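Enquirer: The structure's right below; bear with me while I get my questions together.
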Amino acid sequence: MRALKVLVVVMGVLLVAGIIALAFAVANRVNHPPSAPVAKGPPIDTVDLPSGARIVGAEASGDRLVVRIELAEGSQELIVVNLATGLPVSTVILRPQTRAP
């Protein structure tokens, strides 16, 4: 009977210690959230645009940045940039569809 009382007291102490440790861990994570992952590779400093071009819009999706530019003559292009490396992946030329007479 004495062993059972000792076992109950020890289990109670372990239960209280576990709840205190859990509360401490939760409070620590709330007060110190993990930092955002750091992107590898050089940062994008400049994007070379053709002469007379202007940026119309930009949109990021995943590890890609799509920049829409309007050229001096009025046509538009999309420049796709890999955000991890900072290098252009491709250029898409947008031109209106011509209709047959």
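Enquirer: Quick one: would you say Ala72 is within 18 Å of the chain's Cα centre (by Cα) and not hydroxyl-bearing (Ser, Thr, Tyr)?
Expert: So Ala72 fails the test.
Matching residues to (1) closer than 30 Å to Ile93 by Cβ; (2) at pLDDT 90 or above:
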| site | (1), (2) |
| --- | --- |
| Gly12 | no, yes |
| Ala25 | no, yes |
| Pro43 | yes, no |
| Gln76 | yes, yes |
| Leu83 | yes, no |
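The values are calculated or read from the model by the stated rules, or taken from the named source; none is laboratory data. In this text, all values refer to a predicted model and were calculated from it rather than measured experimentally. Cβ atoms come from the backbone with ideal geometry, glycine included; neighbour counts cover every protein chain shown.
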